[in-house]
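**Student:** Following this message is one structure expressed as structure tokens.
The values are calculated or read from the model by the stated rules, or taken from the named source; none is laboratory data. The shown structure was predicted, so the numbers you read here are calculated from the model rather than taken from an experiment. Positions of Cβ are backbone-derived with ideal geometry, glycine not excepted, and every protein chain shown enters the neighbour counts. Heavy atoms of the whole protein, side chains included, go into the accessibility calculation; ligands, DNA and RNA do not. Shrake-Rupley method; radii C 1.70, N 1.55, O 1.52, S 1.80 Å.
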Amino acid sequence: MSEQSRRPRRPAKPYRRPQRDPVRILAFEALRAVDERDAYANLVLPPLLRKAREKGDFDGRDAALATELVYGTLRRQGTYDAIIAECVDRPLREVDPPVLDVLSLGVHQLLGTRIPSHAAVSASVELARVVLGDGRAKFVNAVLRKVTQDDLDGWIAKVAPPYDEDPEDHLAVVHSHPRWVVSALWDSLGGGRAGIEELLAADNERPEVTLVARPGRATPEELLEEEAAVRGRWSPYAVRLTEGGEPGAITAVEEGRAGVQDEGSQLVALALAGVPVEGPDEKWLDGCAGPGGKAALLAALAAERGAVLLASEKQPHRAGLVAKALHGNPGPYQVIAADGTRPPWRPGTFDRVLMDVPCTGLGALRRRPEARWRRRPEDLDSFAPLQRALLRTAIDSVRVGGVVGYATCSPHLAETRAVVQDVLKQRPETELVDARPLLPGVPELGEGPDVQLWPHLHGTDAMYLALIRRTG
């Protein structure tokens, strides 16, 4: 018998069950829903958090961490993908998506939070054991230990091309935006490095929750009684929750007397309502009303003047959301499901028309960070005919002397000025109205007459507004 065979065998380590971490498991489930079902995190996360609280798994700090893990990972996905690609031995496309989600969550904890490195790695490996199995957990462990060798700035210096060699690709990696989006936003800003850097950085910041006190139903003063609530910057009806929180738990929001609405969206509605019109001012239209934020504010403003709002939305389920938002309005209103390109109302019916058209949503990347990775340049071609058709409908729908507001939640020139210029060339009976005086106090609104809001300049989504008066 050999010497080796006479040695006693070491006892095998007992199998240890992986530790279930409800916070990280929930964050992983949210990322999988975003990836597999093309869901949006702002729609997926709230019900997951609510269910976890009902089960007793979560407190407020747990919910805050889960939210940060999901949104932080999605916002910095491009940067993290470039870092992970440096640490794996295969093309990133060959890494299974669930494994990549666990890795991305781990990288965000390592490079984007104050969680200690050893805790971030350990928690990520435990998550991998629970949701992927022990074999792939070893792969996750090996990759994340490579990531710990440097901080975020060090990794960016390694994976991002120098600015002088390729400015757009450098900014795309540093600020986690697709290159084509960087290029489009840069064109919209009009050039200059400082502005585009500030805008891209603002897209990656967590936006404050902004509420609107719907006139005749709630007041800003009532909302200011909430914890960490301060007045909005520009809208007289806006209140900001500086520490986040759950707006659905606020009584006025729960009752529909107030709502969650970005201040840029409020300003669009207020500007349209503020344009002087000669003659009657009794019939208002929101031609693309879903999900109902602008419609609810317009309906309340219309009620104060004895006017009536017709809110039209093509998709029946979104029309239902509009009806819910308008329920309890202090004056009469109507909600219908109708195609704005084939309207059921007669031409020249309305005194004021808002057409907030479907678009790429590049103006709301702070709130929907995953949208930047889903959109493609060719999406612009699919939206273009619809945007022009809806603007033509809006002009047809307003009476002579009435005014149209064309709005998008995108700053892309192909969705803003290009649409307005193309349509107005064919409609000599129209003229642009300077929108800037109708946003009193708001700085840096450009040369006009249209208005482009920006996250880094105004703290709002990048809303665009052109006001058009029908003159004949």
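**Student:** Apply the Karplus curve 6.51 cos²θ - 1.76 cosθ + 1.60, θ = phi - 60°, to the phi angles in segment 292-301 and return the couplings in whole Hz, x for Gly and Pro.
**Tutor:** x, x, 5, 4, 5, 5, 4, 4, 5, 5
**Student:** For a quick check: with amide H placed at 1.01 Å from N, whose amide H comes under 5 Å from Thr430's, ignoring anything fewer than 5 positions away on the same chain?
**Tutor:** It is Thr471, by chain and number.
**Student:** At 222 nm, what value in deg cm²/dmol follows for the chain if DSSP H runs of at least 4 each add -39500 (n - 2.57) and the sum is divided by all its residues, to the nearest 500?
**Tutor:** One gets -14500 deg cm²/dmol as the mean residue ellipticity at 222 nm.
**Student:** Sort 198-207, 397-406, 221-230 for me by packing, meaning the mean count of neighbouring Cβ atoms within 10 Å per residue, highest on top.
**Tutor:** 397-406, 198-207, 221-230
**Student:** Measure nothing fancy, just the Cα-based angle from helix 117-131's long axis to the longest principal axis of the chain, in degrees from 0 to 90, nearest 10.
**Tutor:** Roughly 90 degrees between the two axes.
**Student:** A follow-up question, please. Excluding same-chain residues fewer than 8 positions from Lys146, which lysines have a Cα within less than 27 Å of its Cα?
**Tutor:** Lys13, Lys138, Lys158
**Student:** Between 0 and 90 degrees, rounded to the nearest ten: what's the tilt of helix 77-87 against the longest Cα principal axis of the chain?
**Tutor:** 20
**Student:** Carbon and sulfur: what percent of the chain's accessible surface (1.4 Å probe)?
**Tutor:** 49
**Student:** If you roll a 1.4 Å probe over the heavy atoms of the protein chains, what accessible area per residue do you get for segment 329-368, in Å²?
**Tutor:** Accessible area per residue: 43 Å².
**Student:** If you plug each phi of segment 95-107 into the Karplus form 6.51 cos²θ - 1.76 cosθ + 1.60 with θ = phi - 60°, what whole-Hz ³J(HN,Hα) values come out, in order, with x for Gly and Pro?
**Tutor:** For segment 95-107, the Karplus-derived couplings read 7, 4, x, x, 5, 5, 5, 5, 4, 4, 4, x, 4 Hz, x marking Gly and Pro.
**Student:** Under a point spin-label approximation (7 Å from Cα along Cα-to-Cβ), what is the Ser382-Arg90 distance to one decimal in nm?
**Tutor:** Rounded to a tenth, the inter-label distance reads 3.0 nm.
**Student:** Could I ask something else about it? In nm, what is the difference between 0.36 nm times the number of residues separating Ala389 and Asp434 and their Cα-Cα distance?
**Tutor:** Here the segment from Ala389 to Asp434 would lengthen by 13.9 nm.
**Student:** Continuing with this model, one more query. For Lys51, give me every one of the lysines with a C-alpha distance below 17 angstrom, ignoring sequence neighbours fewer than eight places off in its own chain.
**Tutor:** none
**Student:** Something else now. Accessible area per residue, 1.4 Å probe, Å², for segment 42-170: what's the number?
**Tutor:** 49
**Student:** If you don't mind, there's one more thing I want to ask. Per residue, how much accessible area does segment 223-265 show when a 1.4 Å probe rolls over the protein heavy atoms, in square angstrom?
**Tutor:** I get 50 Å² per residue for segment 223-265.
**Student:** Something else: Along Cα→Cβ, 7 Å out, is where each label goes; now give me the distance between the ones at Thr471 and Asp187 in nm to one decimal.
**Tutor:** 3.0
**Student:** Using modelled amide H (1.01 Å from N, peptide plane; none on Pro or chain starts), what sits under 5 Å from the amide H of Val308, excluding residues fewer than 5 places away?
**Tutor:** Lys283, Trp284
**Student:** State the extension gain, in nm to one decimal, for the chain segment bounded by Leu224 and Ala142, taking 0.36 nm per residue of separation less the distance between their alpha-carbons.
**Tutor:** Between Leu224 and Ala142, full extension yields 24.6 nm more.
**Student:** For Lys283, list the lysines whose Cα falls under 23 Å from its own Cα; do not include residues on the same chain fewer than 8 positions away.
**Tutor:** By straight Cα distance, Lys283 reaches Lys294, Lys314, Lys324.
**Student:** Hey, what angle do you get for helix 22-37 against the long axis of the chain, alpha-carbon based, 0 to 90 degrees rounded to 10?
**Tutor:** It works out to around 60 degrees.
**Student:** In terms of modelled amide H atoms, which long-range or inter-chain residues lie less than 5 Å from the amide H of Gly244?
**Tutor:** The answer is Val209.
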